[in-house]
Amino acid sequence: MTRDAKFEEGGEGAIALRAETKDDLPVIAALVQDAVLPITEIAWEAKSRRLALLINRFRWEDKEQAEAEKRPYERVRSLLVISDVTHVASMGIDRSDRDVVLSILDITFEEAEDGAGRVTLTLAGDGALAADVECLDVDLRDVERPYRAPSGKVPHHPE
């Protein structure tokens, strides 16, 4: 993580991260990989220019310690917020189906010459959520205590 990103350790391993440069974003992207969220937990607040997602993420940062201690893997509810958003678009997502559960695969930033650009959340099943932003400003913050991963397994991606 670059010096521009902020990291705080709170009680019980809670994290708070902020990405303000393209080099910082892969840290957040790695932590939200395989996060799941119901489509109803996405809020686009046009007036405050924020896109907020309440996600259930696998605690990748705790995986090795959980294995060493032979304890169950954990998930945690986190808030992912993209700020300075001017427009939001979704591709390949049936927004009319309120029961849809999305899975985040990656977050990327395509920067324009003026520092503006597009933050794209790539989703499983060929879906995507894109936010046009004036500048890169992405926050990830754990908002609840970790809980045992229901499957007891680590998310796996076949090669």
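The values are calculated or read from the model by the stated rules, or taken from the named source; none is laboratory data. Please read all numbers here as calculations on a predicted model, not as lab measurements. So basically every Cβ, Gly included, is an ideal-geometry build from the backbone, and we count neighbours across all protein chains shown. Just the protein is used for accessible areas: all its heavy atoms, side chains included, with ligands, DNA and RNA removed. Shrake-Rupley method; radii C 1.70, N 1.55, O 1.52, S 1.80 Å.
Worth a mention:
- Carbon and sulfur %, accessible surface of the chain computed with the full protein complex present, 1.4 Å: 47
- HN-Hα J in Hz across the range 118-132 - Karplus 6.51, -1.76, 1.60, θ = phi - 60°, x for Gly and Pro: 10, 9, 10, 9, 7, 10, 4, x, 6, x, 7, 10, 10, 10, 7
- Using θ = phi - 60° and Karplus 6.51 cos²θ - 1.76 cosθ + 1.60, couplings along the range 21-34 (whole Hz; Gly, Pro as x): 10, 4, 6, 7, 4, x, 5, 5, 4, 5, 6, 9, 4, 6
- Its relative contact order, with pairs defined as Cα atoms under 8 Å and 6+ residues apart, puts the chain at 28 percent.
- In Å, descending, principal axis extents of the Cα set of the range 48-105: 44, 27, 16
- Simple spin-label estimate for Asp106 and Thr21 in nanometres, 7 Å along Cα-Cβ: 2.2
- Using a Gaussian network model of the chain in which every pair of alpha carbons under 10 angstrom is joined by a spring, one finds that among Ser103, Ser78, Ser90 the greatest mean-square fluctuation is at Ser90.
- Solvent-accessible surface of the chain, taken per residue with a 1.4 Å probe and all protein chains present: 57 Å².
- Entry for volume of the Cα convex hull per residue in Å³ (calculated from the structure that is shown) out of [x] 133; [y] 210; [z] 107: [x]
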